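The values are calculated or read from the model by the stated rules, or taken from the named source; none is laboratory data. On a predicted model such as this, the values are computed, not experimentally measured, just so you know. Cβ coordinates were reconstructed from backbone atoms using ideal geometry, including for glycine residues, and neighbour counts include every protein chain displayed.
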Amino acid sequence: YYAMFHTAQALLREKDLRFRKHGSVHAAYGEHFAKTAVLDPKFHRWLIAAFNTRIKTEYDIEPAIDHEAASRTIEQAGEFLKTAREHLEKQASS
């Protein structure tokens, strides 16, 4: 989750937007990148899903996440990071 969270923060900083609270980052990322389709809206869904999984596994009495779900989230984080890096590099060169 934190790889996705910090990726979203980096993208928002490109627009001179800074937030510390997770919900604020999620909302601002959704507004500036998902709703505008600057980046695929799936990344916003993945960010929120990863956050919900983190909350569940960290605070539930009996946290449960299976290997498949963990692997899927890691793959999604990698794809999000790769796409964000490409976007930021493109912005820097224009």
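Remark: residue 64 falls outside the filter, which requires a residue to be surrounded by fewer than 14 Cβ atoms within 10 Å (Cβ to Cβ), in a helix (DSSP H, G or I) and either at pLDDT 95 or above or of a type outside the set (Lys, Arg) (or both).
Which of the following residues is part of a helix (DSSP H, G or I) and of a type outside the set (Ser, Thr, Tyr): 72, 18?
On the way: 18 fails: part of a helix (DSSP H, G or I).
Matching residue, one of 72, 18: 72.
Using the structure shown, decide if residue 84 is surrounded by 11 or more Cβ atoms within 10 Å (Cβ to Cβ), at pLDDT 95 or above and either touching a Ser or Thr at 6+ places or on another chain (Cβ under 7 Å) or over 18 Å from residue 7 (Cβ atoms) (or both). Answer is yes for this residue.
If the condition is being over 20 Å from residue 79 (Cβ atoms) and exposed (fewer than 14 other Cβ atoms within 10 Å of the Cβ), then segment 36-61 contributes 55, 56, 58, 59, 60, 61. Taking each residue of segment 8-30 that is free of Cβ contacts under 8 Å to residues at least 40 places away in the same chain and surrounded by 15 or more Cβ atoms within 10 Å (Cβ to Cβ) and looking for partners that are among the charged types (D, E, K, R) and assigned to a loop (DSSP other than H, G, I, E, B) with beta-carbon atoms closer than 9 Å, six or more apart or interchain, yields 9/18; 9/20; 12/18; 28/15.
Going through (1) without any contact (Cβ under 8 Å) to a residue 12 or more places away in the chain; (2) loosely packed, with under 14 Cβ neighbours inside 10 Å one by one, residue 69 falls short only on (1).
Looking only at segment 37-60, count how many residues are part of a loop (DSSP other than H, G, I, E, B) and either among the β-branched types (Val, Ile, Thr) or on the phi > 0 side of the Ramachandran plot (or both).
Filtering segment 37-60 down to residues part of a loop (DSSP other than H, G, I, E, B) leaves 37-41, 60.
This time we only want the ones that are either among the β-branched types (Val, Ile, Thr) or on the phi > 0 side of the Ramachandran plot (or both), so: 37-38.
Adding up the residues that qualify gives 2.
Against the test of being of a type in the set (Asp, Glu) and out of contact with any His (no Cβ under 9 Å at 6 or more places or on another chain), the options 14, 58 yield a single qualifying residue, 58.
From the list 92, 49, the lone residue that is more than 16 Å from residue 2 (Cα to Cα) and hydrophobic (A, V, I, L, M, F, W, C) is 92.
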